[in-house]
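The values are calculated or read from the model by the stated rules, or taken from the named source; none is laboratory data. Computed from a predicted structure; not experimentally measured. Every residue, glycine as well, gets a Cβ built from its backbone with ideal geometry; the counts of neighbours run over all protein chains shown.
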Amino acid sequence: MQSATSKKISLNLGPSGRAIAQPIDVDLLDALYQHTSLERVSSAQYLSMSLWFLERELRGFSSFFKKESLSEQEHGFNFAKYIIARGQSVVLDEVIKPIQNWKTVEELITLSFQMEADVTTSVQQLYSMAERSNDSRTTVFLDPVIDEQIKSEDEMAYLLGKVKFSNNDPSALFIIDNELKIN
């Protein structure tokens, strides 16, 4: 009689050599890579925005966008950790050079809102792909990401509304800048 400890167990291994419980759909994996890159591009763009504000002595806006940059960097890292947890190797794309000049604060904030909307769309597409491939591990991973993304999009829409209302009046922009310093 053979003991339970002497049985040979066959494991599924991912490309990194890590044991995996459930293979990941190739299209979903590619979309996760693309989303990780989107987070990294957003981080670089927010850093550029932070510096643009700093050059104009708007330290509240600068601080806000520096935090956004670090947050996006962390999101990209979390996606990379998830990919590794699923037994895959992380593939990083080149990060494109961010935009560094804007005519108005409103133009910059409009771009930042659009970036948040694009990230939200990307996460929702990932969720749909995960559901179609019956990958509940990925949907569970994405649930808090979606919640956080909706809050980020709302926060950026609120800031855009305030900046639009200011109509690029320097006095009003300084008030918004001071409010951002406090938060």
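Overview of values
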quantity: Close pairs (7 angstrom Cβ cut-off, 6 or more residues apart or separate chains): more than 12 Å from Tyr46 (Cβ to Cβ) in segment 67-87, surrounded by fewer than 16 Cβ atoms within 10 Å (Cβ to Cβ) and not hydrophobic (A, V, I, L, M, F, W, C) anywhere; calculated: Ile84/Ser16; Gly87/Ser16; Gly87/Arg18
quantity: Matching helices (runs of 4 or more DSSP H) fully within segment 101-183 where at least 1 residues are within 15 Å of His75 (Cα to Cα), in contact with a Ser or Thr (Cβ under 7 Å, 6 or more places away or on another chain) and of a type in the set (D, E, K, R); calculated: 105-132, 136-166
quantity: Some residue of segment 157-172 being over 14 Å from the mean Cα position of the chain (by Cα) and at positive phi; calculated: yes
quantity: Members of segment 42-91 that are among the aliphatic types (A, V, I, L, M), outside any helix (DSSP H, G or I) and closer than 20 Å to Phe141 by Cα; calculated: Val90, Val91
quantity: Only one of Ala117, Ala172 that is in contact with an Asp or Glu (Cβ under 9 Å, 6 or more places away or on another chain) and farther than 19 Å from Leu32 by Cβ; calculated: Ala117
quantity: Considering residues of segment 1-41 that are of a type in the set (A, V, I, L, M), closer than 17 Å to Thr138 by Cβ and assigned to a loop (DSSP other than H, G, I, E, B) only, the residue modelled with the highest pLDDT; calculated: Ile24
quantity: Hits in segment 93-105 - residues which are surrounded by fewer than 13 Cβ atoms within 10 Å (Cβ to Cβ) and either in contact with a His (Cβ under 8 Å, 6 or more places away or on another chain) or more than 11 Å from Val41 (Cα to Cα) (or both); calculated: Gln100, Asn101, Lys103, Thr104
quantity: Qualifying residue in segment 78-90 (condition: modelled with pLDDT of 95 or more, in contact with a helix residue (DSSP H, G or I) (Cβ under 9 Å, 6 or more places away or on another chain) and either polar (S, T, N, Q) or over 24 Å from His35 (Cα atoms) (or both)); calculated: yes
